[in-house]
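The values are calculated or read from the model by the stated rules, or taken from the named source; none is laboratory data. If you're wondering where the values come from, they're calculated on a predicted model, not measured in any experiment. Quick reminder, even Gly has a Cβ in these numbers, built from the backbone with ideal geometry, and neighbours come from all protein chains shown. In case anyone asks, the SASA skips ligands and DNA or RNA and just uses the protein heavy atoms, side chains included. Shrake-Rupley method; radii C 1.70, N 1.55, O 1.52, S 1.80 Å.
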Amino acid sequence: MRRFLLLYATQRGQAKAIAEEISEKAVTYGFSADLHCISESDKYDLNTETAPLVMVVSTTGNGDPPDTARKFVKAIQDKTLPPDFLAHLRLELVVEPWINGLWAALEKHFLLNRGRGDVSETLTMASLASRRTDPMTPELLHVESQVGLLRLDDSGGKAAEVLEQNAVNSGQSSTLIADFEASLTRSVPPLSQASLNIPSLPPEYLEVHLEEALGQEESHASVSSADPVFHVPISKAVQLTANDAVKTTLLIELDISKTDFSYQPGDAFNVICPNSDAEVQFLLQRLQLADRREHRVAMTIKADTRKKGAALPQHVPERCSLQFLLTWCLEIRAVPKKAFLRALADHTGDSVERRRLQELCSRQGAADYSRFVRDASACLSDLLRAFPSCQPPLGLLLEHLPKLQPRLYSCASSSLFHPGKLHFIFNIVEFLSNTTEVVLRRGVCTGWLATLVESILQPYTCTNHADGKKALAPKIFISPRTTNSFHLPNGPSVPIIMVGPGAGVAPFIGFLQHREKLRERHAGGCFGATWLFFGCRHKERDYLFRDELRRFLKCGVLTHLEVSFSRDAAVGEEEGPARYVQDSLQRHSKQVVGVLLRESGYIYVCGDAKNMAKDVHDALVEIISRETGAEKLEAMKTLATLKEEKRYLQDIW
């Protein structure tokens, strides 16, 4: 068996799952993978490593490395390192289809190192093997995970609730499915009559026992990351949108005055949130464990497991209660991977239901998996409702459900403007789940926060709110997220352009509050121009911070405010209204290019990654090309240079 070093860094578990698949498949191709998390630096040494190195790394937050890779990334970015540092290692920095060519590449490496002359036949065999009828082809695995492998991608990380929001954007039909149509629970020919290639059963590795509680207390801090955790009260909650707005946006103020939590405008922070109590209770009932919810969960590694490198899940505190486990530790809303479906099939008594689960995880059922599981944002609860005879053991959930991740939010205030306070805003994520029955669901964190602040929520009006309702202030757990470059320039004289439609305006409110206080402290100082391109659907329904933005404009803190309303009818404009922020940018193309290229200014983009950020980027390419006379490729290179110089910054999700 030819050895190679396989390292992974993961935040939500996808990169780890891919690495484990590679490790398990390696044996089929005659390789032995030495698998480690990149943070386990005591188990490998890159300085002396002679075998090929394969790395599987995801991004998190705003394109940041996952927590487990922070130390490694910091180490390799050390500017004092010699230029030939790690030069003895082979790294292939490509994206997709990455795994498909992995086996042939490794085969070639070992054969060349042994001095064999004719490698073409072996390479052909390896290439054919990677394209054979395989129930878990690497290419499909890459698509399912949505994680780039060694991906040089600065487009930003994905917020934890993006998958939930996708269900809103996909326009899923809520009509009843006719008998002859495929659904989550039913297939149609040719799939229903096909012979299936299903993945091998993932080896079970956890032995789980429930023991009666002995009165131990549980700490929410134990489910967070390595960052410090603060328990802070919510001092104010305000609805920023009208009741008839398409999306409901809330502002929450946290009282951090009795903590040493600190931040600057542009920072983001984590909110540690629980799963929905109703969904947790459903799982307890469905797993027939409701009467044991307070029992402690004891885990050990099975002595006879075939899983290589099996380890206890680090996100589960030792001897926590079953209720705590399902509420604070496991992402029960996670879309099940095919390996989980394969394992669930073996715990399904009804033969028709078992066959359907096998179809969904098979190579032949890839389209159905995409349509009815991944694209529909189906979760474990949906599967248990759809397949009543499925009765998985608790250990299977612990093996396949990822860690419940904290949700990342941008700071929407300045500590100079609001001492001892921290503001953030969010849209309440709502979507229809119709995998088995039509159900209106809310985002895990936004739904919880909205319910939490109901007793103190101030309704939408056009005036500012000074003090919150007098009620018992609920508390939440937060932690800092410091790896961020989305900050104001060091010098206040540098001009800035801010692009933030909808809730994307949040960090820019903090920017402007900060600038206002700096202007008060340095009355004779030189301050650069500030442009804000804001957009929403309707002027009278969801124009966030309207009064505050107008005040900034009036006092000169904001020098240019360009607002577009995508759903309001045009009123007396010859060339028609600017419906989106990218339209407003196009109308001010000369000024935009002047700020960025002649005045060495900064541009910040915050908001939706899927549509808005891409459209803004394309608009900037067009603007630079048109105003400078450069080819499109040169304009793209100019933007790439701005990114490298950290003058084109994105906070997108």
Subtracting the Cα-Cα distance from 0.36 nm times the residue separation, let me have the gained length for GLU454 to GLU207 in nm, one decimal.
84.8 nm
Nearest-10 value in Å² for the accessible area of HIS400, using the 1.4 Å probe:
50 Å²
Please list, in chain and number order, the residues 5+ apart from ALA268 or on another chain whose amide H is under 5 Å from its amide H, with Hs placed from the backbone.
CYS411, ARG481
HN-Hα J in Hz across the range 80-85 - Karplus 6.51, -1.76, 1.60, θ = phi - 60°, x for Gly and Pro:
8, 5, x, x, 9, 4
Under 5 Å between amide hydrogens, which residues at least 5 positions from LYS236 or on another chain qualify, with H placed 1.01 Å from N in the peptide plane?
GLU253
Point-charge dipole on Cβ atoms (K/R +1, D/E -1) for the range 231-367, about Cα centre, debye to 20:
860 debye
A chain fully extended from SER195 to ASP78 at 0.36 nm per residue, minus the present Cα-Cα distance, gains in nm 36.7 nm
Along the range 189-198, Karplus-curve 3J(HN,Hα) (6.51, -1.76, 1.60; θ = phi - 60°) to the nearest Hz, with x for Gly and Pro, reads x, x, 4, 5, 10, 7, 6, 9, 9, 9
Label points 7 Å out from Cα along the Cβ direction at GLU40 and VAL246: separation in nm?
4.7 nm
Measuring from label point to label point, each 7 Å out along Cα→Cβ, what is the LEU440 to LEU89 span in nm?
5.1 nm
Express in nm, to one decimal, how much length is gained between LYS539 and GLN285 on full extension, taking 0.36 nm for each residue of separation and deducting their alpha carbon distance.
86.8 nm
Roll a 1.4 Å probe over the protein heavy atoms and report the accessible area of CYS37 in Å², nearest 10.
10 Å²
How far is the Cα center of the range 21-74 from the Cα center of the range 508-532, in Å?
44 Å
Determine which lysines satisfy two conditions relative to LYS236: a Cα distance under 17 Å, and not lying fewer than 8 residues away in the same chain.
LYS258, LYS421, LYS469, LYS470, LYS475
The simple spin-label model distance between GLU294 and THR641, using points 7 Å out along Cα→Cβ, in nm, is 6.8 nm
List the lysines whose Cα sits under 23 Å from the Cα of LYS614, skipping any in the same chain fewer than 8 residues away.
LYS158, LYS247, LYS590, LYS632, LYS637, LYS643, LYS646
Under the rule rounded for a/c under 1.5, else prolate if a/b exceeds b/c, else oblate, using alpha carbon gyration tensor axes a ≥ b ≥ c, the range 310-436 is classed as prolate
